[in-house]
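*Asks:* My questions all concern the structure below.
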Amino acid sequence: MSESNPSPLDVAQVAHLANLARIALTPEEIEKLTGELGVIIESIAKVSEVATPDVPSTSHPIRLTNVFRPDVPGETLTVEEALSGAPERDGDRFKVSAILGEEQ
């Protein structure tokens, strides 16, 4: 931070914000965060200067679009094929042991 452009925050404000957020900070941490938060605030101010109404807001630098394929039914497994690797079966269904106990 240059002397001509002091931090937009002071130590007392950072200490107050830490207290409101219930964050215990040492005096050294408050001093360090005062500078770091000041840089963040200045950076946001610089972006705000160039963010004009004719520049749309973006969350990604490249526009994202979903790519869909047609939902066409294909071949499915028979019951025998689906159950062929099952350790246990009950007729035409998978059989699994209970994991929750007797309360069911």
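Since every read-out is calculated from the coordinates, none of them should be taken as a lab result. Computed from a predicted structure; not experimentally measured. Counting neighbours? That spans all protein chains shown, and the Cβs are built from the backbone with ideal geometry, glycine included.
*Asks:* Can you tell me the orientation of helix 11-20 relative to the chain, as the angle in degrees between its alpha-carbon axis and the longest Cα principal axis, to the nearest 10?
*Replies:* 30 degrees
*Asks:* Of all the stretches in the chain, which is the longest one without any exposed loop site, taking trypsin sites (Lys or Arg not before Pro) in a DSSP loop (any state but H, G, I, E, B) with at most 12 other Cβ atoms within 10 Å?
*Replies:* No qualifying site falls inside 23-62, the longest such stretch.
*Asks:* Please work out which option in (1) 0.97; (2) 0.95; (3) 1.41 gives Rg/Rh (Cα atoms, Kirkwood Rh) calculated from these coordinates, and answer with its label.
*Replies:* Here Rg/Rh (Cα atoms, Kirkwood Rh) agrees with entry (3).
*Asks:* Please arrange Ser59, Ser43 by how many other C-beta atoms lie within 10 Å of their C-beta, fewest to most.
*Replies:* Details: Ser59 6, Ser43 10.
So the residues, fewest neighbours to most, are Ser59, Ser43.
*Asks:* Can you give me the Kirkwood hydrodynamic radius for segment 11-50, using every pair of distinct Cα atoms, in Å to one decimal?
*Replies:* After inverting the pairwise mean of 1/r, the radius is 10.8 Å.
*Asks:* Over segment 56-103, what portion of Cα pair distances is larger than 14 Å, expressed as a whole percent?
*Replies:* Within segment 56-103, distances greater than 14 Å cover 73 percent of Cα pairs.
*Asks:* Which GluC sites (Glu not before Pro) in segment 4-104 pass both tests, a DSSP loop state and at most 12 other beta-carbon atoms within 10 Å?
*Replies:* Passing both the DSSP loop test and the Cβ count: Glu75, Glu88, Glu102, Glu103.
*Asks:* Report the charge-dipole magnitude of the chain in Debye, nearest 20, computed about the Cα centre from +1 at each Lys and Arg Cβ and -1 at each Asp and Glu Cβ.
*Replies:* That gives the chain a dipole magnitude of about 220 debye.
*Asks:* Tell me, what HN-Hα J-couplings in whole Hz come from the Karplus equation 6.51 cos²θ - 1.76 cosθ + 1.60 at θ = phi - 60° for each residue of segment 72-78, using x for Gly and Pro?
*Replies:* Computed from phi, the couplings for segment 72-78 are 10, x, x, 6, 10, 6, 6 Hz.
*Asks:* Ordered by residue, what ³J(HN,Hα) values in Hz, to whole numbers, does segment 44-55 give under the Karplus form 6.51 cos²θ - 1.76 cosθ + 1.60, where θ = phi - 60° and Gly and Pro are x?
*Replies:* Whole-Hz 3J(HN,Hα) from phi for segment 44-55: 5, 5, 5, 5, 5, 5, 9, 7, 9, x, 7, 9.
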